[in-house]
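Q: Here it is: the structure, laid out below.
The values are calculated or read from the model by the stated rules, or taken from the named source; none is laboratory data. All values derive from a computational prediction rather than experimental measurement. Positions of Cβ are generated from backbone atoms using ideal geometry, with glycine treated the same way; all protein chains shown enter the neighbour counts.
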Protein chains: 2
Amino acid sequence: MVSETMTDRAPIRLLLADDHPIVRSGLRAVLDAEPDIEVVGEAATASEAVRLAGELAPDVVLMDLQFGSGSHGADATAQITARPDAPRVLILTTYDTDADILAAIEAGATGYLLKDASPDDLAAAVRTAAAGRSALAPAVAQRLMGRMRTPEAALSRRETEVLQLVADGMSNQQISRALFLSQATVKSHLVHVFTKLGVDNRTAAVAAARRQGLIRR
Amino acid sequence: MVSETMTDRAPIRLLLADDHPIVRSGLRAVLDAEPDIEVVGEAATASEAVRLAGELAPDVVLMDLQFGSGSHGADATAQITARPDAPRVLILTTYDTDADILAAIEAGATGYLLKDASPDDLAAAVRTAAAGRSALAPAVAQRLMGRMRTPEAALSRRETEVLQLVADGMSNQQISRALFLSQATVKSHLVHVFTKLGVDNRTAAVAAARRQGLIRR
DNA sequence: CCGGCCATCAACCGAAAGGTTGACTTCCTG
DNA sequence: CAGGAAGTCAACCTTTCGGTTGATGGCCGG
């Protein structure tokens, strides 16, 4: 079923970026079947995505947020959208609780899609992104709204940084050394975190933050 | 490139089980392209996988371990392999550190494959499974070996149970009440856990156990 | 049948974390 | 420019946690 709004226009040039060959094949199979969409390239890493976005000049980049081993899709998004005639970036993610959702949006992503989306949703989101409109999965949009409705659950940058190190298993002393702070400051940040999350110890804070997607998984 | 060992035999009947339509499409696109493999069905849930495994009588079931919302691929594997003329079950997973690896193998899975596998790896694993031989991704096999080489990293059932509650954010007192134990016993278990994992506090233990896939993600 | 692992509990002590108050600076925003 | 949020630090106190020692009983395997 071809969209009525672009029956005879040039097809949407699409770049796929995902570290899983299987997922790339799935996206290609689903989207190449659409007559108004043409997959012009595939990237297996974040840096390759940035490079190909420049070389191939696609209309839309469909980018996985969970790139294997370190590289963040949000970073690549920022690099891609930094340029003047940049393609639209559509983020693809597994979890609607991802801590990097806001980061990706701020990095210039046009839309957000969950990996359990149907082929129809997928094609629709690509067309919406190509048209320059924002495409957000309902679950994600609701979560973003909720984030705004409850600013008390929003941790400050420093608080998140400290909590992340707690989640990595570090003691207050180790954290103070890692961040060049006194232990008093670390404790101060953590007390604020506990209050905001409604918990009273560090492991509960990590569990709560993980549930709410405030820290890395 | 057709395998030399089965040039003219009936194709391998394959059932795909994954909750992501995109992944199913990718698997179908990759595997249907192989002349000796035929995808006979797709299941989006664990229970559907069990049902179709009975109805379609496939040779191999390619099953995702991370089925959305609760249902475990390991459980479905156990149900499928319980019957006498059961198909081979090939497990597909995103993480090579998954705590359920052993559970799935014990449930009767013939092989194990990571989602970042190449199409060639994938087809080869399906053929290996169809032939009844065990197909393990190198990273997974190595990890299983490592598990056996270092039994000190294997936590006892009770220790894992306590550590899981720690990861959920509970204090020693809360855990003691939840498990009908004294706090002394909880502490005792945790000290053993710390020793086995080589850490000296609860948050570090949770981080380490999470890395090694000893507890739920 | 005995040694070892698992599971349970107690008492004790020092160290770390949790909680409060208060104070100072910087930066942003109304 | 006044106010607030964020970030930094200190001193103090209470509670929890980490670590040790030791003890009991069940179960399994050599």
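Q: Within the stretch A:166-189, does at least one residue satisfy the condition of being within 21 Å of the chain's Cα centre (by Cα) and modelled with pLDDT of 90 or more?
A: yes
Q: Within the stretch A:176-217, which residues are within 12 Å of chain B (Cβ to nearest Cβ), of a type in the set (Val, Ile, Thr) and within 14 Å of DNA strand D (Cβ to nearest atom)?
A: Hits for the stretch A:176-217 are A:Val199, A:Thr203, A:Val206.
Q: Looking at (1) part of a loop (DSSP other than H, G, I, E, B); (2) among the aromatic types (Phe, Trp, Tyr); (3) more than 8 Å from DNA strand C (Cβ to nearest atom), can you tell me which one B:Phe194 breaks?
A: Tallying (1) part of a loop (DSSP other than H, G, I, E, B); (2) among the aromatic types (Phe, Trp, Tyr); (3) more than 8 Å from DNA strand C (Cβ to nearest atom), B:Phe194 fails exactly one: (1).
Q: So which residues in the stretch B:21-38 are within 10 Å of chain A (Cβ to nearest Cβ), buried (at least 20 other Cβ atoms within 10 Å of the Cβ) and touching a residue at least 12 places away in the same chain (Cβ under 8 Å), if there are any at all?
A: If the condition is that a residue be within 10 Å of chain A (Cβ to nearest Cβ), buried (at least 20 other Cβ atoms within 10 Å of the Cβ) and touching a residue at least 12 places away in the same chain (Cβ under 8 Å), then B:Pro21, B:Val23, B:Arg24, B:Leu27, B:Val30, B:Leu31 are the ones that fit.
Q: Looking at (1) more than 8 Å from DNA strand D (Cβ to nearest atom); (2) not in a helix (DSSP H, G or I), which is the one condition that is false for A:Gln173?
A: With (1) more than 8 Å from DNA strand D (Cβ to nearest atom); (2) not in a helix (DSSP H, G or I) applied to A:Gln173, the lone miss is (2).
Q: So is A:Lys187 surrounded by 18 or more Cβ atoms within 10 Å (Cβ to Cβ) and of a type in the set (D, E, K, R) or not?
A: no
Q: Kindly check whether there is at least one residue in the stretch A:132-147 that is more than 14 Å from every other protein chain (Cβ to nearest Cβ), modelled with pLDDT under 90 and within 16 Å of DNA strand D (Cβ to nearest atom).
A: yes
Q: Keeping to the stretch A:191-209, report how many residues are in contact with a Lys or Arg (Cβ under 7 Å, 6 or more places away or on another chain) and farther than 18 Å from B:Ile175 by Cβ.
A: Of the residues in that region, 0 qualify.
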